[in-house]
Amino acid sequence: MSIALSIQDVHVTLGHFEVLKGVSLDAEPGTFVTLLGASGSGKTTLLNVIAGLQQLDRGHVLFDGQNVERRPPRKRKVGVVFQSYALFPHMSVGDNVAFPLRAARRPSVERRKVVQEMLELVDLAGMVNRAPASLSGGQRQRVALARALASDPGILLLDEPMAALDKQLRERMQVEIKRIQQQVGITTVAVTHDQAEAMTMSDQVAIMHEGTLVQVDSPENLYRRPVNEYVASFLGEANLFPADRGGPLALDAAGQATGTAVIRPEDLVVLAPDQLGDHWRVPGVVRLLSFQGSRFRLEVVTATGRSVVCSLPPHTDASALVPGSEVILGCGAPDRVHVIHRSDAGDALEVAA
Amino acid sequence: MAVNEAVATPAATRRPRRLADGSVAEKRWLLWPPLIFFLLTVAGPVVALIHQATSGEENAFVEALSSEVFVASVWRTLLLAAVVTAATVLVGTAYALAIAVGPVWVKALLMGGLLISLWTSVMVRTIGWMLLELPSGALFWMLEKLGLRSEPIELYQTTLGMYPAMIAVMLPFAVLPILAAVISFDREQLNAATVFGAGPLLTFGAVVLPTIRQAMISGGVLVFVMSLGFYVTPLLLGGPSNMTMSGIINAQLNTANRADVGAAMSLLLVGGTVAIYLVADRLFKVSERWG
């Protein structure tokens, strides 16, 4: 069973602070949506609203078209993986996984069968009788996931699922969670502040900022076509230049700008003197060049003090790019330049709100 | 040290061992002050008691155990300690939970009551209970005002009269360990239980209780062991005909002038208490929690 989730104009105030200022979000059955935002943007609150752990002041939460905002959490059939996993320490792995079924008074034959299935799903078969304390962080997360899925919930909620894992394990578990989610086919909402994690796991990423959803889109669209400057610089590195309808403008023509051009570091190139032509370009002085394995990262400062980041392929001849030397940067892929028009950004914000 | 040597790789053994030996030798003298304190305050009096108990012409232990009054007091003491333990653990758990989840004013009130009762002398509190329990005391006065009772209450200096006061005096010792466990309880587990469909009963029974059970047992053992040797409260409220062990021992020393029998009874009390503690520790691993 997998449900369609619809959140309509949800407002939540905690104390005197308005944490959610009218959030609307729709998720098709079986999709993986990640709420991505800085801490304090309200993403965990929104997750708690879906789970029913947080009361809302105004707005609606619909599961398959049915209002659930007055339904208590235990009647919502949601599966949650908590940030600390919240496994019950005195119960065995099997009893933890069986807990939702025990609460629903299912017969013990069924419980044992489901525990077996779930532990096989998360690759922990044979760990039924272990104590949670004897497991590694990654294994505990799998147990939490198995428990969340045990009672066949309509929606799976993941609260910062990777926060307690080290970096290597994180990348493995992202792929693993995505595999399990696709295998089960369950509608999933995850919360994270890690953009790489959001990009890896999600079908849709919802960028949250100060209690509103700024943009909800596929990871690629968010990166290629951000609706505003916040999204552009939040997701990956972005160089923002003044622009008009025709594309980026020279830096000294900023007065005529009607929008902002977003140029990703990998789309910038260092121009040789004979390549200049009449293309758009940015002159500057090299501040730092660092080799990062798969790329060179070049930081350039323009005459106006603006910092521009450029990512160069690893086979670049970097001998001339010593700090202090003058360079001219150009755009290597003009068709990939995205221009945020002032009115666009305004419209998008209104739509999101 | 032996473990360190066994674990260390051969190449690494030489130098760290000397350092480790030095540091062990350096710290060993730190053990002496507590050892001396222990010898002076515990071992010394026990040796003196043994000496006292064996100083008489007859076997004081046989005499103590064949005294009907003493045997009766042993049962009375055990029953008192058991009931007080059960009552304080039950009330104490509710008390601690109320402090943990109650609104701020409830927290302040209960915490204040707990601390004030801990800071007030046992003597003062016992006399307070005396004033309540006297035949025409505060309790009677209140019931009479309410028109519930016209003849005086016969509670003072009965076996039953010891119970409410003992429970009140011992309550903080049960509440404090349980409160520590309740406060360190992970609230996210409550959310987890709720989200996975558990009602209040299942949540309490399967999630909260197992986490604080150890603390309830430690609090209970503490109260039980303390109740066994408690003197002032049972003596004043139970009266001379309902003495607990400590009251009988005092009577042997001061009234009957049989110091040897009194010493033998004291040793039986201390020995019995230690034995009960060891059994409880074996069963419930109490010292692991305290250590």
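The values are calculated or read from the model by the stated rules, or taken from the named source; none is laboratory data. Every value quoted in this text rests on a predicted model; they were computed, and no experiment measured them. Note that each Cβ is placed from the backbone with ideal geometry, even for glycine, and that neighbours are counted across all protein chains shown. Heads up: the accessible areas ignore ligands, DNA and RNA and are worked out on the full protein's heavy atoms, side chains in. Shrake-Rupley method; radii C 1.70, N 1.55, O 1.52, S 1.80 Å.
Is there a residue being at pLDDT 85 or above, touching a Leu at 6+ places or on another chain (Cβ under 9 Å) and either open to solvent by 60 Å² or more (accessible area, probe 1.4 Å) or of a type in the set (Lys, Arg) (or both) anywhere in the stretch A:329-351? So far as the stretch A:329-351 goes, no, none of its residues is at pLDDT 85 or above, touching a Leu at 6+ places or on another chain (Cβ under 9 Å) and either open to solvent by 60 Å² or more (accessible area, probe 1.4 Å) or of a type in the set (Lys, Arg) (or both). Within the stretch A:303-319, the set of residues being open to solvent by 70 Å² or more (accessible area, probe 1.4 Å), over 31 Å from the mean Cα position of the chain (by Cα) and not polar (S, T, N, Q) comprises A:ALA303, A:HIS315, A:ASP317. Among the residues of the stretch A:267-292, the one identified as under 32 Å from the mean Cα position of the chain (by Cα) and over 19 Å from A:ALA320 (Cα atoms) is A:ASP267. Checking each residue in the stretch A:119-136 for being open to solvent by 30 Å² or more (accessible area, probe 1.4 Å), in a helix (DSSP H, G or I) and free of Cβ contacts under 8 Å to residues at least 40 places away in the same chain picks out A:GLU120, A:SER134. If you filter the stretch B:193-239 down to residues that are of a type in the set (S, T, N, Q) and within 14 Å of another protein chain (Cβ to nearest Cβ), you find that the one that is surrounded by the most Cβ atoms within 10 Å (Cβ to Cβ) is B:THR194.
Picking from residues in the stretch B:245-273 that are open to solvent by 50 Å² or more (accessible area, probe 1.4 Å) and β-branched (Val, Ile, Thr), the one that is nearest to B:GLU57 (Cα to Cα) is B:THR255.
Count of the stretch B:170-184 residues, restricted to those that are in contact with a Ser or Thr (Cβ under 6 Å, 6 or more places away or on another chain) and within 14 Å of chain A (Cβ to nearest Cβ), is 0.
Of all residues in the stretch A:21-78, those satisfying the criterion of being open to solvent by 10 Å² or more (accessible area, probe 1.4 Å), over 18 Å from the mean Cα position of the chain (by Cα), more than 14 Å from chain B (Cβ to nearest Cβ) and more than 16 Å from A:VAL189 (Cα to Cα) are A:LYS21, A:LEU56, A:ASP57, A:ARG58, A:GLY59, A:HIS60, A:GLY65, A:GLN66, A:ASN67, A:GLU69, A:ARG70. Among the residues of the stretch B:247-273, just one is under 23 Å from B:THR158 (Cβ atoms), in contact with a Leu (Cβ under 8 Å, 6 or more places away or on another chain) and touching a residue at least 60 places away in the same chain (Cβ under 8 Å), namely B:GLY247.
Scanning the stretch A:88-111 turns up no residue that is open to solvent by less than 30 Å² (accessible area, probe 1.4 Å), under 29 Å from A:ALA164 (Cα atoms), more than 13 Å from chain B (Cβ to nearest Cβ) and touching a residue at least 60 places away in the same chain (Cβ under 8 Å).
Mind listing whichever residues of the stretch A:111-137 are in contact with a Gly (Cβ under 6 Å, 6 or more places away or on another chain) and on the phi > 0 side of the Ramachandran plot?
Residues of the stretch A:111-137 in contact with a Gly (Cβ under 6 Å, 6 or more places away or on another chain): A:115, A:128.
The answer is none; no residue qualifies.
Exactly one residue among A:ASP278, A:ASP274, A:ASP244 is open to solvent by less than 50 Å² (accessible area, probe 1.4 Å) and either acidic (Asp, Glu) or not assigned by TED's automatic domain parsing to the domain that holds A:CYS310 (or both), and that residue is A:ASP244. Considering only residues that are under 30 Å from A:GLU197 (Cβ atoms) and not aliphatic (A, V, I, L, M), which ones fall in the stretch A:235-274? If the condition is that a residue be under 30 Å from A:GLU197 (Cβ atoms) and not aliphatic (A, V, I, L, M), then A:GLY236, A:GLU237, A:ASN239, A:PHE241, A:THR260, A:ARG264, A:PRO265, A:GLU266, A:ASP267 are the ones that fit. Note on the stretch A:190-201: among residues that are buried (at least 24 other Cβ atoms within 10 Å of the Cβ) and of a type in the set (Gly, Ala, Ser), the one that is farthest from A:GLY40 (Cα to Cα) is A:ALA198. Please specify each residue of the stretch A:210-233 satisfying the condition of being open to solvent by less than 60 Å² (accessible area, probe 1.4 Å), among the polar types (S, T, N, Q) and farther than 27 Å from A:HIS11 by Cβ. Listed by number, the residues that qualify are A:SER218, A:ASN221.
So how many residues does the stretch A:312-332 have that are more than 23 Å from A:GLY293 (Cβ to Cβ) and in contact (Cβ under 8 Å) with a residue 60 or more places away in the chain?
So the first thing to find is which residues in the stretch A:312-332 are more than 23 Å from A:GLY293 (Cβ to Cβ), and the list is A:324-326, A:328, A:330-331.
Next, from what is left, pick out any that are in contact (Cβ under 8 Å) with a residue 60 or more places away in the chain: A:330-331.
Matching residues across the stretch A:312-332 total 2.
Counting the residues of the stretch A:296-325 that are at pLDDT below 90, of a type in the set (D, E, K, R) and more than 25 Å from A:VAL227 (Cα to Cα) gives 1.
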